[in-house]
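S.K.: Quick one: this structure, given as C-alpha cells, is what I'll be asking you about.
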C-alpha cells in the first residue's frame with residue numbers, strides 16, 4: 001500500500017527553480033550561457049566575467065586544484081581552467097563547487113558517492129577510448145544533483161522518503177516516486193533546463209536509472225548508469241544499505257566490456273573509491 005504524496009510536484013519545481021540557498025548561481029549560469037552562444041566571446045572574456053564573483057572563483061579553483069583532478073601544475077586562473085576543461089565541464093564544476101557545500105552533514109555519503117561516480121565515469125570513458133572524457137566525469141559528478149536539492153530544499157520530507165525506503169527495502173528512486181510523485185532524476189532534469197546545461201550532460205542526469213529510454217547520447221547515459229552501479233557495488237552508495245536493483249540489460253549492449261577490461265577498471269578505481277570512504281563531512285567545504 002503506497003503512502004500519501006507529501007510534496008506538490010508543480011510547487012516544488014517552482015521552488016527549486018528559485019533555489020533560495022543559492023541566490024547568485026542562477027544569474028551567473030544564465031550569463032555564462034549567453035556568453036557561450038556568442039561566437040565573439042573569448043576565453044579571456046569568460047575568465048574576466050567569472051572572476052568578478054570572488055566566492056565562486058575561489059571555490060572553483062579549489063576544486064580544479066584538488067586531488068580529484070590531479071593536474072600536474074597549479075591552475076591559478078579561471079581562464080586557465082577553461083582552456084584545460086572547456087565551457088561545459090567548467091559550467092558543471094561551477095554548480096558542483098557551490099551546491100554540494102549546502103548539504104547537511106548527514107547527507108555527506110551522497111557527496112562521496114557523486115565523487116566516486118565521477119571517477120568511475122572518467123575511467124570507463126577512458127577504457128572505451130571515448131572523446132571528451134571530462135564531460136563524462138562532470139555528468140557523473142552531477143548525476144544525483146536532484147538528491148542534493150531534495151536534501152537542501154525539502155530535508156524533512158526527504159528523510160521520510162529515506163526512512164520509508166529502508167523500512168520497505170525499496171529502491172530509492174522508486175520510493176521517491178511513491179511518496180513524492182517524482183524522483184531525483186526528474187529534479188535533475190528540471191535543474192538542467194533551468195540552468196541551460198547541454199543535452200550531453202542533461203540526458204545522462206535525467207536517465208541514469210532508465211538508460212533504455214533516451215534516443216540520443218545513449219553511450220553517455222550508459223556510462224553514467226554503469227558507473228553508478230559499480231560505485232554502489234564497491235560500497236560507496238549514497239544510501240549504502242538500500243537495494244541496488246538489477247542492471248538494465250541495455251548496459252551490456254551499449255558498453256561491451258570484456259571480463260579483462262572490467263577487472264582492470266575495478267583494480268584502477270577500487271583503491272580510489274576506498275579512499276573516498278575515509279572522507280568526513282568537513283571535507284565538503
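The values are calculated or read from the model by the stated rules, or taken from the named source; none is laboratory data. Note that the coordinates shown come from a computational prediction; the quantities given were computed from them, not determined experimentally. Backbone-built Cβ (ideal geometry, glycine too); neighbour counts: all protein chains shown.
S.K.: Go through (1) surrounded by fewer than 22 Cβ atoms within 10 Å (Cβ to Cβ); (2) within 11 Å of the chain's Cα centre (by Cα); (3) at pLDDT 80 or above one by one and return the number of the condition residue 115 breaks.
M.R.: Of everything listed in (1) surrounded by fewer than 22 Cβ atoms within 10 Å (Cβ to Cβ); (2) within 11 Å of the chain's Cα centre (by Cα); (3) at pLDDT 80 or above, residue 115 misses just condition (1).
S.K.: Filter segment 141-173 down to the residues that are surrounded by fewer than 18 Cβ atoms within 10 Å (Cβ to Cβ) and free of Cβ contacts under 8 Å to residues at least 40 places away in the same chain, then identify the one that is farthest from residue 247 (Cα to Cα).
M.R.: 156
S.K.: Ok, one more. Within segment 1-110, considering only helices (runs of 4 or more DSSP H) that don't extend past its boundaries, which have at least 2 residues that are over 17 Å from the mean Cα position of the chain (by Cα), closer than 30 Å to residue 157 by Cβ and modelled with pLDDT of 75 or more?
M.R.: Ranges flagged: 9-18.
S.K.: In segment 161-181, what residues are assigned to a loop (DSSP other than H, G, I, E, B) and modelled with pLDDT of 90 or more?
M.R.: Passing the criteria: 169, 170, 171.
S.K.: Please go through (1) within 19 Å of residue 5 (Cβ to Cβ); (2) part of a helix (DSSP H, G or I); (3) modelled with pLDDT of 90 or more for residue 156 and return the number of the only condition it doesn't satisfy.
M.R.: Status for residue 156: all satisfied but (3).
S.K.: What's the total number of residues in segment 184-222 that are under 23 Å from residue 14 (Cα atoms) and in contact with a helix residue (DSSP H, G or I) (Cβ under 8 Å, 6 or more places away or on another chain)?
M.R.: Number of matching residues: 22.
S.K.: Sticking with this structure for a sec: Quick one: would you say residue 71 is without any contact (Cβ under 8 Å) to a residue 24 or more places away in the chain and either surrounded by 16 or more Cβ atoms within 10 Å (Cβ to Cβ) or under 30 Å from residue 262 (Cα atoms) (or both)?
M.R.: yes
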